[in-house]
Amino acid sequence: LHVVQKIRDESHRFAIGYHRKRREMRDRDSELLTIPGVGAQTRQRLLTHFGSLRDVREATVESLAAMVSSKTAEAIWQRFHENSKL
């Protein structure tokens, strides 16, 4: 029984490590960070205020400008809506 518990604990440890590594990689990359004028703090502020990247995409320039400068808000809006103009 002790051997089975050790095997279970080891497999659980590997699973948790894998999950943490994937979550870290997911959180490190963000489409917002590719926009000029948006850094880690701005990204965090936007995600905290709007709740998700999808809500940031759907936000108007005016609502974005309430959180960041108008120039940055325009850049964010342009990035997410450049394909809809085609």
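Working note: Cα gyration tensor of the chain, eigenvalues times five, square-rooted, sorted largest first, giving semi-axes of 41, 12, 10 Å. Computed over the chain with a Gaussian network model linking Cα atoms closer than 10 Å, the most mobile of Ile76, Ile16, Ile35 is Ile16.
For the chain, what is the mean residue ellipticity at 222 nm derived from helices alone (per DSSP H run of n ≥ 4: -39500 (n - 2.57); sum divided by total residues; nearest 500 deg cm²/dmol)?
Details: 5 runs with 61 residues, N = 86.
Theoretical 222 nm ellipticity from helices: -22000 deg cm²/dmol.
Give me the base-10 log of I(q)/I(0) for the range 1-43 at each q in 0.14, 0.18, 0.19, 0.28 Å⁻¹, Debye formula, one uniform scatterer per Cα, rounded to two decimals. Debye intensities relative to I(0), on a log10 scale: -0.51, -0.62, -0.65, -0.89.
Note: relative contact order over the chain, using C-alpha pairs below 8 Å and six or more positions apart, is 21 percent.
Read-outs: derived from the displayed coordinates by stated rules, not from any lab. Remember, predicted model here, so these are calculated numbers, not experimental data.
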